[in-house]
1. How many of the residues in segment 18-63 are over 20 Å from TYR360 (Cα atoms) and charged (D, E, K, R)?
2. Within segment 46-64, work out how many residues are crowded, with 24+ Cβ neighbours inside 10 Å and in a helix (DSSP H, G or I).
3. Collect the residues in segment 171-214 that are of a type in the set (A, V, I, L, M, F, W, C) and closer than 17 Å to GLU274 by Cβ, keeping them in residue-number order.
4. So, in segment 43-68, exactly how many residues are of a type outside the set (Phe, Trp, Tyr) and more than 12 Å from the chain's Cα centre (by Cα)?
5. Here are some residues: GLY238, GLY209, GLY250. Which one is closer than 20 Å to GLN75 by Cβ and modelled with pLDDT of 95 or more?
6. Go over the candidates VAL352, VAL368 one by one and state the one that is over 18 Å from the mean Cα position of the chain (by Cα), assigned by TED's automatic domain parsing to the domain that holds ASN16 and either closer than 30 Å to PHE105 by Cβ or touching a residue at least 40 places away in the same chain (Cβ under 8 Å) (or both).
7. Scan segment 345-374 residue by residue and report those that are part of a loop (DSSP other than H, G, I, E, B), surrounded by fewer than 20 Cβ atoms within 10 Å (Cβ to Cβ) and β-branched (Val, Ile, Thr).
8. For segment 335-344, which positions are in a loop (DSSP other than H, G, I, E, B) and either surrounded by 18 or more Cβ atoms within 10 Å (Cβ to Cβ) or hydroxyl-bearing (Ser, Thr, Tyr) (or both)?
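The values are calculated or read from the model by the stated rules, or taken from the named source; none is laboratory data. As the structure is a computational prediction, the values presented were derived from the model and not from experiment. Cβ: placed from backbone, ideal geometry, glycine included. Neighbour counts: every protein chain shown.
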Amino acid sequence: MNIPPGSPPAHARGSNEELIGEPDSRHRLGTPCLVLDMAQMERNIAVLQHHAQRHGYALRPVAKIHKSSAVARRQMAAGAIGQACATLAEAEVMVAAGIRGVLLFSPVVTAPKVERLIALNARADGLLVAVDSAAHVEALAAANRDTGHPLRLLVDCEVGGGRTGVASPDAAVALARQVAGHDPVLVYAGIQAYCGTIQAIPDYKARVGAAHAVAARARACVTALRDAGLPPAIVSGGGTGTFAIDHAFGVYTECQAGSYLFMDAHYLDVSLLEDAACPFVPSLFVRTTVISAAQAGFCITDAGRKEFARDGVSPRIWTGAPAGARYSIVGDDLGRIDFASPTECLPVGAVVECVTPHAYATLNLYPVYHCVRGNTLVDIWPIDARLNW
């Protein structure tokens, strides 16, 4: 058996470890399991990186989508400048793996987490942290005062998502000025202007309009900061849904896209380009086995709520079932495939692969990716950033 260097220890690989390198091993995997199609993922990485290079913006992909340092390394090798992390634990895993340019975009405010953050900054290469309150800035300045490692901050600007961020350009200026006043303990590096609520608007024209409104808010903050003598070197925002739109506004320096990597069911009906074509392809699947075919018109599988994070979106059958068949969750460990015709069926033991509903929520239910090329299992990667905080 050929185990590539840098792979996780055998005890972390699970029951399918013995299939690595075996012919047709994709079809022999024990289920339920999470399958990562390497060729499809690498294609998606290359497509977005090419777009970024062509249109003059940088990529700092969202790590919560994959929660894996192994995946992050592939994105970095292709040209990404860092990883955007939702949690302190994600950021710690990425830094420990040698990933540079990590952005922690959620506020870290409690004393134990601030202590961890300051320690992380001391060993990180290019760490960035988003802030949106004066009290937070003062706490970070006090904690970092005697470390000798400047902490780079982005002012988080609320641009339409209704989440974190200062509420106005004037507030952005005030906070940036406060950060700059603590130089060199703190360094004002720019702004975050991300809006996640518009990314999956299905209609392209409607999403363009929403993106225009978000960019206008971001531009207002940038203009106010420039007028105050605090021009932001970094303007971070955008995502998979607006990657083909945002560069035209001339506001953002980088994009925080993430879902492009896997293209879950949440995004399959979103027109990412004006001509409705999708430049990305699904690369992450849950593989599940039919365990009951006792009744006509449907069968039951071994993947239910504990194998799919549904979150309002159903798994999408990709391979293994007749055309028109639909997947639904009917139990904690049970799924159901309803056939388009009552004469259709799948036998017990048949295996189906489904596109995940929301990739980042589903993969949080699994310890590893089963990495395949074609029909061969080539490696097993730990999902090493699964911890929330």
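1. As a first pass, look at segment 18-63 and keep what is over 20 Å from TYR360 (Cα atoms): 18-30, 46-47, 49-58.
In the following step, the residues that additionally are charged (D, E, K, R) were identified as 18, 22, 24, 26, 28, 54.
Total satisfying the criteria: 6.
2. Keep residues of segment 46-64 that are crowded, with 24+ Cβ neighbours inside 10 Å, which gives 48, 59-63.
When the remaining residues are screened for being in a helix (DSSP H, G or I), the result is 48, 63.
The total comes to 2.
3. Of the residues in segment 171-214, the ones of a type in the set (A, V, I, L, M, F, W, C) are 171-176, 179-180, 185-187, 189, 191, 193, 195, 198, 200-201, 206, 208, 210-211, 213-214.
ILE198, ALA200, ILE201, ALA206, VAL208, ALA210, ALA211, listed by residue number.
4. As a first pass, look at segment 43-68 and keep what is of a type outside the set (Phe, Trp, Tyr): 43-56, 58-68.
When the remaining residues are screened for being more than 12 Å from the chain's Cα centre (by Cα), the result is 43-56, 58-59.
The number of residues fulfilling the criteria is 16.
5. On the way: GLY209 fails: closer than 20 Å to GLN75 by Cβ; GLY250 fails: closer than 20 Å to GLN75 by Cβ.
Testing whether each residue is closer than 20 Å to GLN75 by Cβ and modelled with pLDDT of 95 or more leaves just GLY238.
6. None of the other options fit; the residue is VAL352.
7. Matches in segment 345-374: VAL348 only.
8. Initially, segment 335-344 is screened for residues in a loop (DSSP other than H, G, I, E, B), giving 339-344.
Selection gives PHE339, SER341, THR343, GLU344.
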